[in-house]
Amino acid sequence: FTTEIELKSEPLEIVNEVKLLGVIISNDLKWHKNTNYLTKKVNRKMRMLHIAAKFTRNREHLKHIYKTFIRSNLEFSSTVWHSSLSLADRQDLERVQKSAVKVILGKDYVNYDEALSELKLESLEKRRETMALKFVKKSLENKNFSKLFPLREVKHGIRVRKSEKYVINQSRTKRHQESAVPYLQKLLNKDHFERRQ
């Protein structure tokens with residue numbers, strides 16, 4: 001059973017997936033196909049890093065190539081899909097950075113955590129969370145967008161130790177709970193609580 005939807009008296013075609021502004025959105029609202037697309041795209045660009053590593057062992061130059069041509073693609077529109085990624089998708093994305101730091105460090109590579117520390121890089125998971133928080137804070141300055149993040153009304157006037165500053169949308173499904181807006185609302189509350197501490 002499918003409904004027929006019309007836009008300006010033209011029937012809309014029902015599709016399984018669509019590429020919208022470089023992001024693949026599937027009809028099940030999962031991000032596996034988008035993750036596959038991103039990892040294939042950046043794995044082709046990893047050749048550039050491998051070639052550069054043959055000519056220079058300067059870590060800063062190699063790190064710059066990685067950040068500019070590879071990591072930027074892995075983080076494209078991440079605020080939209082970060083919170084809804086499956087564990088397998090998160091690992092696939094992190095695996096690309098793991099390969100890149102191996103190339104950058106060469107024989108000096110011991111393990112992933114030490115490599116990140118030595119190169120002064122964050123895990124992609126942590127970076128996406130930081131970028132999402134930065135995005136939502138900037139969005140609060142926009143009057144239209146800030147309506148998605150209303151302040152919680154305090155009726156009793158008592159300051160509670162772990163009170164939430166922003167209203168979190170109630171979710172009936174796990175999919176909605178892990179979607180972008182509720183995730184960003186929780187992120188704002190978490191940041192507010194950490195600042196108060």
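The values are calculated or read from the model by the stated rules, or taken from the named source; none is laboratory data. Note that this is a predicted model, so its numbers are computed, not measured. Here the Cβ is made from the backbone with ideal geometry for all residues, glycine too, and neighbour counts use every protein chain on show. Calculation scope for accessible area: heavy atoms of the full protein, side chains included, ligands and nucleic acids excluded. Shrake-Rupley method; radii C 1.70, N 1.55, O 1.52, S 1.80 Å.
Distance between the modelled labels on PHE55 and ARG90, one decimal in nanometres: 3.8 nm (7 Å Cα→Cβ projection). When only Cα pairs below 8 angstrom with a gap of at least 6 residues are kept, the stretch 58-197 shows a relative contact order of 27 percent.
Taking Cα atoms only, the orientation of helix 87-105 departs from the longest principal axis of the chain by about 30 degrees.
Scalar couplings 3J(HN,Hα) for the stretch 42-56, obtained by applying the Karplus form with A = 6.51, B = -1.76, C = 1.60 to θ = phi - 60°, are 6, 5, 5, 6, 4, 4, 4, 5, 4, 5, 5, 5, 6, 9, 9 Hz; x denotes Gly and Pro.
Only protein heavy atoms count here; under a 1.4 Å probe, GLU141 has an accessible surface of about 140 Å². Efficiency by 1/(1 + (r/R0)^6): what FRET value for ASP113 and GLN177, r their Cβ-Cβ distance, R0 = 35 Å, to the nearest 0.05? Between ASP113 and GLN177 the formula returns 0.70. If contacts are Cα pairs under 8 angstrom and at least 6 residues apart, what is the relative contact order of the stretch 75-138 in percent? Reported as a whole number, the value is 45 percent.
Answer with a single label: of (i) 53, 42, 27; (ii) 56, 37, 28; (iii) 62, 54, 28, which was calculated as Cα extents along the principal axes in Å from the structure in view? Given (i) 53, 42, 27; (ii) 56, 37, 28; (iii) 62, 54, 28, the structure-derived one carries the label (iii). Annotation for MET46 and ARG195: the two label points, set 7 Å from Cα along the Cα-Cβ direction, are 3.9 nm apart.
Using a cut-off of 22 Å between Cα atoms, the listed pairs LYS8/LYS30; LYS41/LYS67; LYS30/LYS138 include LYS8/LYS30; LYS30/LYS138 as exceeding that distance.
The label-point distance for LYS165 and MET131, in a model that sets each label 7 Å from Cα toward Cβ, rounds to 2.4 nm.
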